[in-house]
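S.K.: What follows is a single structure, and I will ask about it in a moment.
The values are calculated or read from the model by the stated rules, or taken from the named source; none is laboratory data. These figures come from a predicted structure and were not determined experimentally. Here the Cβ positions follow ideal geometry from the backbone for every residue, glycine too, while neighbour counts run over all protein chains shown.
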Amino acid sequence: MKAAPIKVAIQGELGSFSHEAAERMLPRCTVVPCARSAEVFDRVQRGSVAAAVIPIENSLAGTVAEHSDLLLAHDVFIQGEFLLRIVHNVIAAPGVKLNALRKVLSHPVALDQCRDFFRHHPRIDPVPFYDTAGSVKHVVAHRLPDAAAIASRHAAREYSGRILQAGIEDDKRNVTRFFLIRKWTEKAGTARKKRSVAAASPYQRLIPRGANKTSIAFKVKNVPGALFKSLSVFALRDISLSKIESRPMRGRPWEYVFYVDFLRGDDDPARNALRHLGEVAEFVKVLGIYRAA
């Protein structure tokens, strides 16, 4: 008897870039679209879906700040990452011509990544919409005669839209990094309060084979040299950082959390670095250990 496809939550409509990433990371999964990012994380934490695929960073637009905050606030664990080349297309209802367009709808980030298209078509107004795939769904469902959407080929197929112009993004090195996240459970190891610094990983059962990258969040103490001491735990062990970024703490004005990715899996140098970091930082949370894309 065949196992049922696992349910994977995404933010946005079917046909979105998140939908495409989910199917690339987990073939034959059942994608569950969610209107809001908070709903995606809530579904994972409640166990109504087995996993979620979320965009965490775009090579042009930077980090998806809301998702960084939600990773810190929820009991979830990153198990994988995937890099998806973002190709934007002008998509309209069948029969609509490019020269008839007066407005193009899409997510604000997608519109911003296609400035050259609007510069070359000054009669067409960019109109912000909640989702790239949702904009295709809207213009096709309403058969708008003077409007189109900017989205993926996946969205055009999903809603039977017609591509009027392909590959309109300004920068062809437009790539989005996605995370695969699953629920953190007590069965996976020790309690959350012990999760950050332990001699043996409390999350071993969640770590995929071949994991060689770790994402963490930590807050430094308000003392001179605190950040230097925190980063030195990696330098002392020749651990390479691939990313470091600070974010304001919600509910604590002018206090910040540092998000760091480093290129080690669950080995002794990484564990020792995390244990050392726990001694000099106010708190440390391991967000995930996974195989680098």
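S.K.: Inside segment 253-278, can you point out the residues that are surrounded by fewer than 20 Cβ atoms within 10 Å (Cβ to Cβ), assigned to a helix (DSSP H, G or I) and in contact (Cβ under 8 Å) with a residue 40 or more places away in the chain?
M.R.: R271, R275, H276, G278
S.K.: From V44, V49, V96, V31, grab the single residue that is surrounded by 16 or more Cβ atoms within 10 Å (Cβ to Cβ), part of a helix (DSSP H, G or I), of a type in the set (V, I, T) and more than 13 Å from the chain's Cα centre (by Cα).
M.R.: Residue meeting the stated conditions: V44.
S.K.: So, one more: State which residue pairs qualify: first residue within 11 Å of F179 (Cβ to Cβ) and inside segment 51-70, second residue of a type in the set (D, E) in any location, beta carbons under 7 Å apart, and separation of 6 or more residues or different chains.
M.R.: Close Cβ pairs satisfying both conditions: V64/E57.
S.K.: A follow-up question, please. Write out, first by first residue and then by second, each pair whose Cβ atoms fall under 6 Å of each other, whose residues are 6+ apart or on separate chains, and whose first residue, in segment 205-222, is touching a residue at least 24 places away in the same chain (Cβ under 8 Å) while the second is part of a helix (DSSP H, G or I) and of a type outside the set (A, V, I, L, M).
M.R.: V220/S230
S.K.: Please work out which one of (1) surrounded by 16 or more Cβ atoms within 10 Å (Cβ to Cβ); (2) modelled with pLDDT under 95; (3) out of contact with any helix residue (DSSP H, G or I) (no Cβ under 6 Å at 6 or more places or on another chain); (4) of a type outside the set (V, I, T) is the condition L26 fails and give its number.
M.R.: Result: L26 fails condition (2) only.
S.K.: Picking from S230, S240, which residue would you name as being outside the structural domain of F179 (by TED's automatic domain parsing), more than 21 Å from F179 (Cβ to Cβ), among the hydroxyl-bearing types (S, T, Y) and at pLDDT 95 or above?
M.R.: S230 is the lone residue from the list that is outside the structural domain of F179 (by TED's automatic domain parsing), more than 21 Å from F179 (Cβ to Cβ), among the hydroxyl-bearing types (S, T, Y) and at pLDDT 95 or above.
The rows are residues; the columns are (1) under 30 Å from D261 (Cα atoms); (2) among the basic types (K, R).
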position	(1), (2)
V87	yes, no
R102	no, yes
H107	yes, no
R119	no, yes
I124	no, no
D131	yes, no
K137	no, yes
A141	no, no
P145	no, no
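S.K.: Just to be sure before I move on: is L72 within 21 Å of A35 (Cα to Cα), out of contact with any Asp or Glu (no Cβ under 6 Å at 6 or more places or on another chain) and not polar (S, T, N, Q) in the structure I sent?
M.R.: So L72 passes the test.
S.K.: Exactly one condition in (1) over 22 Å from V257 (Cα atoms); (2) surrounded by fewer than 18 Cβ atoms within 10 Å (Cβ to Cβ) is false for G62; which is it?
M.R.: The one condition G62 does not meet is (1).
S.K.: I need the strands (runs of 3 or more DSSP E) fully contained in segment 102-192, keeping only those with at least 1 residues that are at pLDDT below 95, acidic (D, E) and in the same structural domain as A217 (by TED's automatic domain parsing).
M.R.: Here the list is empty.
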